[in-house]
Amino acid sequence: MPPGRVAPTALFRFYRAATGLAAPLAWQVVSRKLRRHDVPPIRMQERLGNASQPRPAGRLIWFHAASVGESLSVLTLIARMGARMEDAHFLITSGTATSARLIAQRLPPRCVHQFAPLDAPGPVARFLDHWRPDAGIFVESELWPVMLTSARARGIPLALLNARLSRKSVAGWRKRPRTARFILDQFTLMLTQNSETAENLRAIGADPVRLHVGTNLKAMSAPLPVDAEALAALQTALDRRAHWLASSTHEGEEEIVLAAHSELLREHPGLCLLLMPRHPERGDAVEALIAAAGLTCARRSRNALPDAGTQVYLADTLGETGTFYALCPRVFMGGSLREIGGHNPFEPAQAGAAVASGPHVANFAETYADLADCGAAIIVDDTSALAVAVGNWLTHPAVLGRAGQAAQDFVAAREQQLDGVIDMLCDALDLQST
């Protein structure tokens, strides 16, 4: 059945009317947030659907993603599609100032970024009037009803890519099955991260004919940028000292990491821990934890480099993750010792690093399982297990080397899957090269 045939529900009509009435209040909230991040006024207007750049001539393919991770995950896909379709231009929309800043640093050729319009009739209409996309691709769980239905009403084919639904979202949609079916009916193609999401979408009304199990797009993203000058400075400062990296740690995890480091120091007294919190603004709090653990610290946010007496180097800055992955072949990925869902292990694997993680990795369950199966990653439950894993890498270079090679082989295999995703998108959205 072609998309758009399921009738709109009373709940959708109410939502559409309510968002129109609430748009001025929503604008006050989002503009205040953008202003706090020093976003220029002309760019803030993009949230009202007022474009800050002209539409390029020719075909325009629109990608929409909400968060930093979702936004960055599609840049490799856009670059690969651009190489295949030399006549096409690309628009990527997102909602946060952080995503805008990071996307701007890594935009592929013929691609522009705009803030997404508020999901209300006026902003969405202004956005679509200006950009007139030839196709729209929504990433992960960004199901904005007004945006989707307005685009389909104009004949714009839509795809849901890298689809993921939390249990809470599934439970919510199950209470509104007719509306869920109506929203999902806007998509010509739905590609999920895993079979569980596919089953959940089918259960809430997705057309099985348009629904396919894909892969986690974040497991195929481009390598993070590396600052060669900063990397060289860090290598010189460490002066061949043994080191390991704890990346993207959250509150409640640093204590475990620091305890593991204290254990490791008994056998490796010159060892340096590179500690990179997920949220750099927590730097003061993390520094206090380091002091409470009786360890010496230098902070990158204060332009310090590690010296011979530095036991913990606190990397509390943004945008340098790729540099630290290039620096260190032993990586613990945070967000996994607490029920947060884990963070992307593909990024350190691209750098050839061996990866350790806690057990709570629901956001990347298949990726971690595959990495563990091939010997590139290890799952640890507590302080002692983390210390044993890192200690094994430090003591046995051959073990570390095999894990790093397995990580690189894993990355190469995943990159081949990207062309299959592009083929499905092009066929479903009529984007064959002209």
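The values are calculated or read from the model by the stated rules, or taken from the named source; none is laboratory data. Please read all numbers here as calculations on a predicted model, not as lab measurements. Backbone-built Cβ (ideal geometry, glycine too); neighbour counts: all protein chains shown. The area values use the complete protein model at the heavy-atom level, side chains included, leaving out ligands, DNA and RNA. Shrake-Rupley method; radii C 1.70, N 1.55, O 1.52, S 1.80 Å.
Values for this structure:
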| item | result |
| --- | --- |
| Residue list for region 166-202, filter: closer than 21 Å to L11 by Cα, without any contact (Cβ under 8 Å) to a residue 40 or more places away in the chain and not in a helix (DSSP H, G or I) | K175 |
| Given (1) touching a residue at least 24 places away in the same chain (Cβ under 8 Å); (2) in a helix (DSSP H, G or I); (3) open to solvent by 40 Å² or more (accessible area, probe 1.4 Å); (4) not small (G, A, S), number of the condition N392 does not satisfy | (1) |
| W131 being open to solvent by 20 Å² or more (accessible area, probe 1.4 Å) and aromatic (F, W, Y) | no |
| Lone qualifier among D373, D382 - being under 23 Å from V213 (Cβ atoms), of a type in the set (D, E) and open to solvent by 60 Å² or more (accessible area, probe 1.4 Å) | D373 |
| Residue identified as open to solvent by 50 Å² or more (accessible area, probe 1.4 Å), over 16 Å from F115 (Cβ atoms) and in a loop (DSSP other than H, G, I, E, B) among P54, P24 | P54 |
| Every pair of residues 6+ apart whose Cβ atoms lie under 8 Å, when the first sits in region 309-327 and is assigned to a loop (DSSP other than H, G, I, E, B) while the second is small (G, A, S) and open to solvent by less than 10 Å² (accessible area, probe 1.4 Å) | D316/G283 |
| Strands (runs of 3 or more DSSP E) wholly inside region 203-298 containing at least 2 residues that are among the charged types (D, E, K, R) and open to solvent by 10 Å² or more (accessible area, probe 1.4 Å) | none |
